[in-house]
Amino acid sequence: MTDIPKSHPRYASLVARERVAQGVKNGYTSSQGLIAQGRGECFDYLLGERTTASAERAIAAAAAMLLLAKRPALSVNGNVAALVAEEMVDLAAALGIPLEVNLFHRSEERVRKIADLLRARGAKKVLGEHPDASVPGLDHARALATRGGIYDADVVLIPLEDGDRCEALVAMGKKVIAIDLNPLSRTARKATVSIVDNILRAVPNMAVQVRKLSKLPRADLEKIVLEYDNEKVLRQAVQEIRDHLESSSGEKI
Ligand code: PTJ
């Protein structure tokens, strides 16, 4: 890896870039993942590279929804593996559930490499290497899913996902939690809960919230979910971008 000095003003962003590039070199991240990271970076810049109030609200609702779920599932793709493998393992441990490798540009070799990486980071159980079902409405290998995992989950976390698959999972009747820095993306618009935040900040924050909220009675969790309004949160995320642009440019937008 390139040696990036901690004093560099863009240290966090350069490290993230390096991790995705390393994922491509190691064969678990797709080359398209580099483009996805660039797009994400751009939106993070517009947001001010911070977890906004709307993202905090979405993270709390997502944690409550995962805790209330009968069969929650956590999806991992090549970018997620490159950026937050350890943190996803910790989130799965906090919920006591497996992780499932689910790829857009699927190859059996990448699935195996990601599963191996997650196991090396401490994952107890990783699904996705032997899919036995297909998400209806999606073509080719990207539809593949596992019974007992994403296929029959009632709540699914899909970080950095493509809009089609998000829509197809919602059409199956699932509650879908997205992590996507673009509040205008189809994924963010179609998901039940959209966390507009960098996955680097969102996943550790979710694990903290899951552990904290797990001490609450079910009725309190239900209240958090009931009061959550995703459209409002997405409007607020766009407003937060505008506010940041106004404060950093000194121009009224
Ligand atoms: O590993 P695979 O084959 O499953 O492929 C994974 C990618 C991410 C390449 C694939 O799902 C893809 O092409 O995704 P998209 O359509 O580029 O969408 C990714 C979304 O994630 C975009 O809206 C980005 O803004 C957003 N994003 C990128 N990096 C981050 C991010 N959101 C949060 N944190 C990031 N670090």
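Find the strands (runs of 3 or more DSSP E) located wholly in region 70-181 whose residues include 3 or more that are closer than 26 Å to residue 196 by Cβ, open to solvent by less than 20 Å² (accessible area, probe 1.4 Å) and without any contact (Cβ under 8 Å) to a residue 40 or more places away in the chain, and list them.
On the way: elements: 72-76, 99-101, 155-159, 175-179.
Strands (runs of 3 or more DSSP E) meeting the threshold: 175-179.
What residue, among those in region 207-253 that are closer than 20 Å to residue 95 by Cβ and either in contact with an Asp or Glu (Cβ under 7 Å, 6 or more places away or on another chain) or outside any helix (DSSP H, G or I) (or both), is least open to solvent (accessible area, probe 1.4 Å)?
Taking the candidates together, the pick is 207.
Just to be sure, is residue 15 under 19 Å from residue 110 (Cβ atoms) and part of a helix (DSSP H, G or I)? Write out each step before concluding.
Details: under 19 Å from residue 110 (Cβ atoms): no; part of a helix (DSSP H, G or I): yes.
Taking the combined requirement at face value, the residue does not satisfy it.
For region 38-48, state whether one or more residues are surrounded by 19 or more Cβ atoms within 10 Å (Cβ to Cβ), under 16 Å from the mean Cα position of the chain (by Cα) and more than 8 Å from the ligand (Cβ to nearest atom).
no
Output the residues belonging to region 88-97 that are within 16 Å of the ligand (Cβ to nearest atom) and out of contact with any Lys or Arg (no Cβ under 9 Å at 6 or more places or on another chain). Before you say what the answer is, go through the steps one by one.
First, the residues of region 88-97 that are within 16 Å of the ligand (Cβ to nearest atom): 88, 91.
Selection gives 91 alone.
The values are calculated or read from the model by the stated rules, or taken from the named source; none is laboratory data. Only a predicted model underlies this, so the values are computations on that prediction, with no experimental measurement involved. When we count neighbours, we look across all protein chains shown, and the Cβ atoms used for this are built from the backbone with ideal geometry, even at glycine. What goes into the accessible areas is simple: the full protein's heavy atoms, side chains included, and nothing from ligands, DNA or RNA. Shrake-Rupley method; radii C 1.70, N 1.55, O 1.52, S 1.80 Å.
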